[in-house]
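**Student:** What follows is a single structure, and I will ask about it in a moment.
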Amino acid sequence: MANPVTVEVTRGARVESRHRGAVIAVDGDGKVVFSLGDVEAATFPRSACKAMQALPLVESGAADAYGFGDRELALACSSHNGEDEHVAVAASMLARAGRDVEALECGGHWSSSQKVLIHQARTMESPTALHNNCSGKHSGFVCTCVHQGVDPKGYIGYDHPLQREIRATMESLTGAVLGHDNCGTDGCSIPTYAVPLRGLAHGFARMATGNGLEPLRAKASRRLFDACMAEPFYVAGTGRFCTKLMQLAPGRIFAKTGAEGVFCAAIPDQGISIAVKCDDGHARAAESMVAAALARFFDKDSAIGAGLADLATSSMHNWNGIHVGDIRAAAVLSD
């Protein structure tokens, strides 16, 4: 099944490039309310599923034991820029569990944000694991292990007790069977599992609504969503699309990107969750797709609806500041 063109890139009056992909929106019961393309194809959610991976941090009692608030929980679900504020919160999370950067097994890297990268290059010799965009998630992993009395060493491994717990959590939410056959290694070294886009969307819809979840998981899910929506800067950072979406509609939209053109979002008060995958893995297309898909569920004349429509189309300018074209969601996403 060939996925439809979901995003067009123009130059002048002509379409220069096209992106294909799949999109699905479901409710808490798994009912499909909108879909395009092959939504049953197995997709690695990558970082888009971090809120699912953060559930053991809350459900185990670790978050409460260490006094974590919205910022810490948002960072545990984040793919952050490595800005000073992000690094400080990650370090504080580890310190509360009596650990430091040496406990992290995600590796270090420079920021993907050019402005932050320049700041980092001016102020330090090299980045540490705290600067890794996944350091909040990994700090949450370490804290969960310490609180449960489990040795965190090797926590990135497929057979580590924490990864077994995360695997079971994701199976329960998505309905997919997860194992070696559909397992890969993520950029931060933990296991990542290919699941149908439909299952990914349904998992987030269940987290948003609590439908079919035991009370502890329903409460933990909503707590993580609320934390991300309350502190969108700590989910991504300055200029990032996740942050922009949640700042546009405070308390109304949860959003989380993943590598290789995956994006997930939820509208908790409507009980709707959305998952998108751009076939070629380009973030610019995934961002346009998720904004356009979200816009379907808001009045187009409202501030949120208009803002989402604006985010679904972005202008391209050359080095002289001249407008040369646009990245725009295709009509099939709004019809």
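**Student:** Under 4.7 Å Cβ to Cβ, no partner at all: give me those cysteines from the chain, in residue order.
**Tutor:** Cys49, Cys77, Cys143, Cys145, Cys183, Cys228, Cys242, Cys264, Cys278
**Student:** Each residue of the stretch 254-266 in turn: what ³J(HN,Hα) in whole Hz from Karplus with 6.51, -1.76, 1.60 and θ = phi - 60°, glycine and Pro shown as x?
**Tutor:** 9, 8, 8, 8, x, 5, 6, x, 9, 8, 10, 8, 9
**Student:** Grab the other residues whose beta carbon is less than 14 angstrom from that of Gly184, score K and R as +1, D and E as -1, and report the net. Don't jump to the answer; show the numbers that get you there.
**Tutor:** Working: positive: Arg46, Arg167; negative: Asp181, Asp186, Glu260.
With Lys, Arg at +1 and Asp, Glu at -1, the net is -1.
**Student:** With +1 on the Cβ of every Lys and Arg and -1 on the Cβ of every Asp and Glu, and nothing else charged, how large is the dipole of the chain about its Cα centre, in debye rounded to the nearest 20?
**Tutor:** On the way: 31 positive and 36 negative charges, 74 e Å.
That gives a dipole near 360 debye.
**Student:** Can you pull the one-decimal nm distance between simple spin-label points at Asn211 and Thr10, each 7 Å off the Cα toward Cβ?
**Tutor:** Label-label distance for Asn211 and Thr10, simple model: 3.7 nm.
**Student:** Now a separate question. Would you mind classifying the stretch 7-146 by shape? Square roots of the alpha carbon gyration tensor eigenvalues, ordered a ≥ b ≥ c; an a/c under 1.5 is rounded, otherwise it is prolate if a/b is larger than b/c and oblate if not. Walk me through the intermediate numbers first.
**Tutor:** Working: a/c = 2.97, a/b = 1.35, b/c = 2.19.
Oblate shape, in that a/c is at least 1.5 and b/c is the bigger or equal ratio.
**Student:** Please give the Cα centre distance for the stretch 201-236 versus the stretch 278-335, rounded to the nearest Å.
**Tutor:** 25 Å
**Student:** Separate question: Rg to Rh ratio, the stretch 1-62, alpha-carbon atoms and Kirkwood radius?
**Tutor:** Working: Rg = 17.3 Å, Rh = 14.9 Å.
Expressed as Rg/Rh, it is 1.16.
**Student:** Can you tell which of Gly199, Gln270, Cys145 lies farthest toward the positive end of the dipole of the chain, using +1 and -1 charges on the Cβ of basic and acidic side chains (Lys, Arg; Asp, Glu)?
**Tutor:** Result: Gln270.
**Student:** Which value at 222 nm does the chain reach when only helices count, each DSSP H run of 4 or more adding -39,500 (n - 2.57), with the total divided by all residues and rounded to the nearest 500 deg cm²/dmol? Walk me through the numbers on the way to the answer.
**Tutor:** Details: 13 runs with 130 residues, N = 335.
Calculated at 222 nm, the ellipticity per residue is -11500 deg cm²/dmol.
**Student:** Let's test the formula: R0 of 45 Å, r as the Cβ-Cβ distance of Val101 and Ala230. What FRET efficiency results, to the nearest 0.05? Please list the in-between numbers first.
**Tutor:** Values: r = 27 Å, r/R0 = 0.59.
Given R0 = 45 Å and the Cβ-Cβ separation, E is 0.95.
**Student:** I would also like to ask the following. What is the spin-label model distance, in nm, from Ile118 to Val177 if the labels are put 7 Å beyond Cα along the C-beta direction?
**Tutor:** Distance between the two pseudo-spin positions: 5.3 nm.
**Student:** Subtract the Cα-Cα distance of Ser334 and Ala306 from 0.36 nm times their separation in residues, and report this length gain in nm to one decimal. Write down the numbers at each step before the final one.
**Tutor:** Values: separation 28, 0.36 × 28 = 10.08 nm, distance 1.29 nm.
Full extension of this stretch gives 8.8 nm more.
**Student:** Tell me, rounded to the nearest percent, the portion of alpha carbon pairs in the stretch 138-232 spaced more than 21 Å apart. Before the final figure, lay out the partial values.
**Tutor:** Values: 1842 of 4465 pairs.
Tail of P(r) above 21 Å: 41 percent of Cα pairs.
**Student:** Kindly rank 122-128, 167-173 from highest to lowest mean number of other beta carbons found within 10 Å of each residue.
**Tutor:** Values: 122-128: 11.3, 167-173: 18.9.
Ranking the peptides 122-128, 167-173 by packing returns 167-173, 122-128.
**Student:** Accessible surface of Tyr155 in the full protein assembly, 1.4 angstrom probe, to the nearest 10 Å²?
**Tutor:** About 0 Å², ignoring ligands and nucleic acids.
**Student:** Could you pull out every residue, at least 5 positions away or on a different chain, whose amide H is within less than 5 Å of the one on Cys106? Hs are placed 1.01 Å off N in the peptide plane, and Pro or chain starts have none.
**Tutor:** Here the answer is none, since no amide H 5 or more places off falls under 5 Å of that of Cys106.
**Student:** Let me ask something additional. Would you list Trp110, Trp319 from the most to the least accessible area, probe 1.4 Å?
**Tutor:** Details: Trp110 100, Trp319 260 Å².
Order by accessible area, largest first: Trp319, Trp110.
**Student:** Further question: Quick one: of Lys115/Lys256; Lys256/Lys300; Lys115/Lys277; Lys31/Lys219; Lys137/Lys256; Lys277/Lys300, which pairs are farther than 19 Å apart, Cα to Cα?
**Tutor:** Values: Lys115/Lys256 22 Å; Lys256/Lys300 23 Å; Lys115/Lys277 28 Å; Lys31/Lys219 22 Å; Lys137/Lys256 13 Å; Lys277/Lys300 24 Å.
Correct reply: Lys115/Lys256; Lys256/Lys300; Lys115/Lys277; Lys31/Lys219; Lys277/Lys300.
**Student:** Quick one: what are the phi-derived ³J(HN,Hα) couplings along the stretch 90-102, Karplus 6.51/-1.76/1.60 with θ = phi - 60°, whole Hz, x for glycine and proline?
**Tutor:** Working through the residues one at a time gives 4, 5, 5, 4, 5, 4, 5, 9, x, 10, 9, 4, 5 Hz.
**Student:** Would you kindly calculate the translational diffusion coefficient of the chain, applying Stokes-Einstein with the Kirkwood radius from alpha carbon pairs, for 4 °C and a viscosity of 1.567 mPa s, and quote it in µm² s⁻¹ without decimals? All intermediate terms of the calculation are to be shown ahead of the outcome.
**Tutor:** Values: Rh = 20.0 Å.
Translational diffusion coefficient: 65 µm²/s.
The values are calculated or read from the model by the stated rules, or taken from the named source; none is laboratory data. Just so we're clear, the structure is a prediction, and the values are computed from it rather than from any experiment. A quick note on method: Cβ atoms are made from the backbone with ideal geometry, for glycine too, and the neighbour counts reach across all protein chains shown. Keep in mind that these areas ignore ligands, DNA and RNA; they rest on the heavy atoms of the full protein, side chains included. Shrake-Rupley method; radii C 1.70, N 1.55, O 1.52, S 1.80 Å.
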